[in-house]
Amino acid sequence: MKIAFKKNKLLFALLFLINTIFAQRQMENLDRGIIAIKNKDHFFIGWRVLGTDSDDLAFNLYRKSGTKKAIKLNEKPIVGATNFLDIKANVHEENTWFVKTVLKGKEQEAKGNFTIAAESPDKDYLSIKLKEVEGYIPNDLSVGDLDGDGKYDLIVHMTGKSLDNSFKGITDPPIFQAYTLEGKFLWQINLGKNIREGAHYTQFMVYDLDGDGISEFVCKTADGTTDSQNNVVGDASKDWVDRDPDSPVLGKILKGPEYLSVFDGRTGKLITTVDYIPERGDLAGWGGRGGSGGNDTKGNRIDRFTACIAYLDGIHPSVVMCRGYYGRTVLAAWDFKNGKLTSRWIFDSKDAENPYSGMGNHGLTVADVDHDGKDEIIYGSMCVDDDGKGLYTTGFRHGDALHVSDLDPDIPGLKAFGIHEIENGTKGPGVTLFSAADGKVLFTDSLNEDVGRGVADNIDSTIKGAQCWWSGSPDLHDMKGNIIGKAPTSTNFLIYWDGDSSRELLNSNYIDKYNQGRLFMAIGAASNNGTKSTPTLSADILGDWREELILRSEDNKELRIYSTTIPTEIRQYTLMHDPQYRLSIAWQNVGYNQPPHTSFYMGAGMKPAPKPNIVLVEVQRN
């Protein structure tokens, strides 16, 4: 028996190893993402290392000025960090920078370049002029390669009058617009009057779902949704909005069909539409028990949506649309292939007696928590396995913020840090840290306190491991729960901005370094979502591994993309080729926006990042 057990154990280990080696995730085939930023009399140049690059791949950086022949700027091939200060470029000429890769002494062309016009003014951002819609302002956005050129394009959610689920009133239809990084307008989609506008309603996903090298746009739709070419979903004549001024659900949309639609990223044209899963069913069937669980028939708990992208088979991305988190919770996974959506699985907690009911957040995250090469969905205080079955629940219920990464490198595996609403007679911790693999609690704090916000990451560059802090506490804690200092004044967002591997504090339109003060302020730009002060997007979309900050201008006429000009000595492949980080960018717009995290520990005392098990897809031209 013992021999048989050992053989089975060895066979399992061998199969796991084979799966890990050969099950490569399909990822975007990016160019070098080169960016140049003019800073008075010199230029800061940055470019990306790909996750598939050899460790000994080097680079040569070139500049072409005016009509002159391009010249190489580095004396020896660049083997370290991928940034460069060009102090000799003539600001009175048009300058174009590009890189070539060098491997084993051989130089090869690399995709991508960046041009700054002659006499260009000093400007610390790239400007995307918006096609204005009267009464609308830019809100959250996402990125994807919409045309297969290896560059990210921007899909921005334009919002008019918006209302939370807990308020009645009529809103404006959600509108989406797509732009290239050069500012070219691509298309516009109007979701129509039968989709209500608000942070909890329209969760949109942008990702290459079918592996053709072009990202799709996916969201919940309804009668009257109109694509870029005036194709209409359902029946445009239908109006399902409650317009009775005396109704307790004025402005709500609690009747009529609900759909899920996929749009072509290149054109904004509707590709396919299916019935949304799950349907509304009983309006009073989405409540829970205790605290904010409660119940209602006014379209509050029933219309709480989240969404994400996950590699449920370890190779292909699936889109997961989610409904409910105060009580009943349903996650519906879909695969997209050959222009069609196919249901993969449905997770349904069904009722308040189910231990998975009422455990959701105003957001979610996606990670391979059990290291089998496939993704799980961490949905607040619960986790759904790659096969659509519940993996575990901590029982700590609903919360507003969630952070998942290798927050404590001294303990193997991913950890989840979250905060919880403790109210209306419920009891429990307001702050928890638990193992993302099995829900094992590592520490708790703020017993029986309703905690509204919390953050976890390595922000102290003198200490290894993440730190955490939360509203209601003046203290900074380590991952063991020990007080180690004073908490930052902001509890919102994070960003990689300066030259070390620790995270900086992003809040509103400024970036601070913990214990060191202000690093950057985006003058003339504004954040989104009220007191949450979140960016339009923060992600590593250009240059080296540091993150770009995208904000709207104060007059709402443009998007501004800010990129660091601080040199670094750290060579790191683009964070967008770490699958967990890339999926974090896809769900960043969902609910109460949260900052992205890598699948590995990144910060003071970090080891070299593990190579991602990915394959870059080639663009399939029709």
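Before moving on, here are some points about what is shown:
- Cα centroid separation, segment 283-349 to segment 461-528 (Å): 32
- Protection proxy ranking of 606-613, 410-417, 325-332, 159-166 - average other beta-carbon atoms within 10 Å, highest first: 325-332, 410-417, 159-166, 606-613
- Calculated from backbone phi, Karplus (6.51, -1.76, 1.60) coupling profile of segment 370-380 in Hz, x at Gly/Pro: 10, 6, 9, x, 10, 8, 10, 10, 8, 10, x
- Working note: Karplus 6.51/-1.76/1.60 with θ = phi - 60° gives segment 186-192 the couplings 9, 6, 9, 10, 10, 6, x Hz, where Gly and Pro are set to x.
- Anisotropy class of segment 362-454 from Cα gyration tensor, a/c 1.5 cut: prolate
- Classification of segment 350-509 by its C-alpha gyration tensor yields an oblate form. The axis ratio a/c (a ≥ b ≥ c) is 1.5 or more, and b/c is at least a/b.
- Convex hull volume per residue in cubic angstrom - Cα atoms of segment 267-375: 126
- Distance between the C-alpha centres of segment 168-198 and segment 540-600: 22 Å, rounded to the whole angstrom.
- Dipole of the chain, positive end: most advanced residue of L191, G481, N556 [Cβ charges, Cα centre]: G481
- Pairs beyond 31 Å (Cα-Cα), from K123/K193; K129/K415; K374/K440: K123/K193; K129/K415
- Peptide packing: for 313-320, 112-119, the average count of neighbouring Cβ atoms within 10 Å per residue gives the ranking 313-320, 112-119, highest mean first.
- Size of charge dipole - segment 218-323 - debye, nearest 20, with Cβ of Lys, Arg +1 and Asp, Glu -1, no other charges: 300
- Computed over the chain, relative contact order equals 13 percent, with contacts defined as Cα pairs under 8 Å that lie 6+ residues apart.
- Amide proton proximity set for H200, modelled H, under 5 Å, gap of 5+: N165
- Where only DSSP H runs of four or more residues are counted, the chain gives -1500 deg cm²/dmol as its mean residue ellipticity at 222 nm, each run worth -39500 (n - 2.57).
- Which label in (1) 72, 68, 61; (2) 108, 87, 56; (3) 71, 68, 51 gives the computed Cα extents along the principal axes in Å: (3)
- Pairwise label distance in nanometres, K337 with N231, each label 7 Å out on the Cα-Cβ vector: 2.2
- FRET efficiency for the V441 to E119 pair, using the beta carbon distance and R₀ = 60 Å, is estimated at 0.50.
- Highest mean first, the peptides 425-431, 139-145 sorted by other C-beta atoms within 10 Å per residue fall in the order 139-145, 425-431.
- Euclidean distance between Cα centres, segment 72-139 to segment 393-435, Å: 41
- Cα gyration tensor category, rounded, prolate or oblate, for segment 514-591 with a/c compared to 1.5: oblate
- Placing pseudo-labels 7 Å out from each Cα toward the beta carbon at T96 and T489 gives an inter-label distance of 4.6 nm.
- Note on V619 and T67: with the Förster distance fixed at 30 Å, the Cβ-Cβ geometry gives a FRET efficiency of about 0.40.
Every read-out reported here was derived from the displayed coordinates using simple, explicitly stated rules and does not represent laboratory data. From a predicted model like this one, the values you see are computed outputs, not experimental measurements. FYI the Cβ positions are ideal-geometry reconstructions off the backbone, even for glycines, and counts take in every protein chain you see.
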